[in-house]
1. Over the Cα atoms, compute the radius of gyration (one decimal) and Dmax (the largest Cα-Cα distance, rounded to a whole number) for region 1-118, in Å.
2. In debye, nearest 20: dipole of region 66-110 around its Cα centre with unit charges on the Cβ of K, R (+) and D, E (-)?
3. Quick one: dipole size for region 150-203, taken about the Cα centre, charges +1 on Lys/Arg Cβ and -1 on Asp/Glu Cβ, in debye to the nearest 20.
4. Would you mind calculating the relative contact order of region 1-138 from Cα pairs under 8 angstrom and at least 6 residues apart, reporting the percent as a whole number?
5. In the chain, which helices (entire DSSP H runs) extend 30 Å or more along their own long axis, judged by Cα positions, while averaging at least 0.5 on the Kyte-Doolittle scale?
6. Would you mind working out the accessible area per residue for region 124-230, using a 1.4 Å probe, and quoting it in Å²?
7. So what's the projected area for region 87-186, the Cα convex hull averaged over all directions, in nm²?
8. Which of these, Val208, Val96, Val196, has the largest mean-square fluctuation under a Gaussian network model of the chain (Cα springs below 10 Å)?
Amino acid sequence: MKAEGVRARVRAEMTEEIKAVARRHLASDGANLSLRAVARDMGMASSAVYRYFASRDDLLTALIIEAYDSVGAAAERAVAAAAGSGAGFADRLVLVGHAVREWALAEPHQWALIYGSPVPGYQAPQDTIGPATRVVLQIAAIIRDAYAAGRTGPQPEIAGRYAEELEAVADQFGPGVPPRLIGAGMAAFIQLCGAVSAELFGQLNNSVDEDRRGFLEFQMRGAAAFIGLT
């Protein structure tokens, strides 16, 4: 192997190791990451870590993108499996919800990083936008396909500034999708995030302790009904 290839492989391995150590710090310290602490755990000088990530924010961005991509991939697999099995559109939405919840239960600290409290002083760059939309795009695809198949209920008109703002995201749903459906899809995503966060952050304690999967399904069935999926 040429020297360039060896260096590239070593750099990739070190980058992954730094991110792995940083994820462990997420579990113990939250998003209050310190490159010095990461370097200490790796037995490196902090200056060596800066060769791979120029700042704490660069490392946070890498972790955030990975988290968004991972939960987005889980949602995409759920939609593909549901479509392949012939599941109805409401069932597809429910299955996306379960996939996202199961990912969050397995990766609670990554969920907190992307859907919890904002990290003080951190400004997310444009690089995070694409990965951040992967879950909502799966919801959009379900709605678009249901609308094209005539499997959504009657949609009341939305007028005014809100309807105009929804036009900015209409291309993510598909041509001709009514603003009401676009707004309902966004509401479904927010309801999903809220339901998962309520479970992870202890807001269901002493109220829903036995069947939290059922709680999530109830939320997503309600979202499907609000969308008008039939």
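1. Looking at region 1-118, its Cα Rg and Dmax stand at 18.0, 55 Å.
2. About 180 debye.
3. 180 debye
4. 28 percent
5. Helix filter hits for the chain: 56-85, 179-200.
6. Each residue of region 124-230 exposes 53 Å² on average to a 1.4 Å probe.
7. Across all orientations, region 87-186 yields a mean hull projection of 8.0 nm².
8. With Cα springs under 10 Å in the chain, the top fluctuation among Val208, Val96, Val196 is at Val208.
The values are calculated or read from the model by the stated rules, or taken from the named source; none is laboratory data. This one's a predicted model, so the numbers in the text were calculated from it and none came from an experiment. Cβ atoms come from the backbone with ideal geometry, glycine included; neighbour counts cover every protein chain shown. Ligands, DNA and RNA are excluded from the accessible area calculation, which covers all protein heavy atoms including side chains. Shrake-Rupley method; radii C 1.70, N 1.55, O 1.52, S 1.80 Å.
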